[in-house]
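We did not get these values from a lab; they are worked out from the coordinates using the rules stated. The structure displayed is predicted, hence computed values, not measured ones. Cβ coordinates were reconstructed from backbone atoms using ideal geometry, including for glycine residues, and neighbour counts include every protein chain displayed.
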Amino acid sequence: MRRFMFYGLLLLWAGLFTSSASADKQIRLSDFAFVIGAWAGIEQNATNPMADTPTSSATISENWTEPVADAMTGVFTWAEGSKILVYEFIVVRQTDEGLIMRFKHFNGDLIGWEQKDEFLELEAVKSAENEITFHQTNGDLRLEYRLLEGKLLEIIAADKNSHEVQFSFEMIRQ
């Protein structure tokens, strides 16, 4: 009987410990505020997202608004020379479940990649000072933002054929 009580108390204690340990701070919209503003960079030896081929140079920019109500809005642009290849329209919204990022891709002529009622959705899974990581809710995409020495580093990673493919953009505030 003592052994049963001991194991019961041990399980109760373990349950209390794990529930308090899992009650970590929820990631908030304010944890993503370090990206607010206009950012730009030039990527050498990048991969053209339209043709999946190498390019000598790409100009990238990303612009983030101040929070309005429960959301921030961002626009990403990828250009080669004088031609825009990709736009991304991005919304990061605070929900009861946590911080959610949704975005859509468009060609330079605003033809959407995703269907009208579809979008990519990622949830914030980790944050630290000037750093946040999002994971795709129904896929293998990971997106990280880090502010390092005044530069915004955006790392995009995904599993392709059982190995990770990763690329990054480094941008400076405009």
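So for D70, D31, fewest C-beta neighbours within 10 Å to most, what's the order? Can you show the working numbers first?
On the way: D70 11, D31 18.
Ordered from fewest to most neighbouring Cβ atoms within 10 Å, D70, D31 come out as D70, D31.
Going by the alpha-carbon gyration tensor, a ≥ b ≥ c the square roots of its eigenvalues, is the range 26-173 rounded (a/c under 1.5) or, if a/c is not under 1.5, prolate (a/b greater than b/c) versus oblate? Before the final figure, lay out each step's value.
Values: a/c = 1.43, a/b = 1.31, b/c = 1.09.
Rounded, since a/c falls under 1.5.
Please turn the phi angles of the range 107-116 into ³J(HN,Hα) values with the Karplus equation 6.51 cos²θ - 1.76 cosθ + 1.60 (θ = phi - 60°), one per residue in order, whole Hz, x for glycine and proline.
Residue by residue, the range 107-116 yields 5, x, 9, 6, 7, x, 7, 8, 5, 3 Hz.
Between A38 and T95, take the C-beta separation as r, use R0 = 30 Å, and let me know the FRET efficiency to the nearest 0.05. Spell out each step's value before the answer.
Details: r = 27 Å, r/R0 = 0.89.
Given R0 = 30 Å and the Cβ-Cβ separation, E is 0.65.
Check which residues have an amide H placed less than 5 Å from V125's amide H, if you skip close sequence neighbours.
So V125 has HN proximity to T133, F134, H135.
To the nearest 0.05, how large is the calculated FRET efficiency for I156 and A69 if R₀ is 25 Å and r is the Cβ-Cβ distance? Please report the intermediate quantities before stating the final value.
Values: r = 28 Å, r/R0 = 1.10.
It comes out at approximately 0.35.
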